[in-house]
Amino acid sequence: MGVNMLITPVDVDRRFFDLFLGNHIQEVAKMRTIKELYSLGKKVYLYLGSTGAYNDFKNTAAQEGFKLPEGQDDVLALQDDWSFCHTGFVGHFAFHSSKAAKGIIRVDYAKWITGADDYLYHEGRAQ
């Protein structure tokens, strides 16, 4: 005869947590804040890419106390005064130019906020 194993509610709860909630908790723990962008360096450009990403960014930035420019843009530049600004033509050119982008840290917001290891924007690569 085999050993009778009694499964208690605590065991079931632990298994449920490990199987279904454990991965979610790990993902949430990896999430970054917008404020952490300041640790990357002086010239940080943030790629937003879609309306959904922009709206999420706008809500998160407001909760963290950032000032945002009027209007929507797919690339914003981080400023020293806890604000973001539109990059304009020259900034867009610098962001998308491989030569001009050498001094710019190009962050993909959707990757950054979820805690992805490779959060940098890569031109021409599927985002």
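So the values come out like this:
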item: Integer Hz, Karplus 6.51/-1.76/1.60 couplings in order for the range 85-93, x for Gly and Pro; result: 9, 5, 8, x, 4, 5, x, 5, 4
item: Derived scalar couplings ³J(HN,Hα) [the range 59-66; Karplus, 6.51 cos²θ - 1.76 cosθ + 1.60; whole Hz; x for Gly, Pro]; result: 5, 5, 4, 5, 5, 8, x, 7
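Quick note: the coordinates plus some simple rules give every number you see, no bench work behind them. Not measured: the values here are computed from a predicted model.
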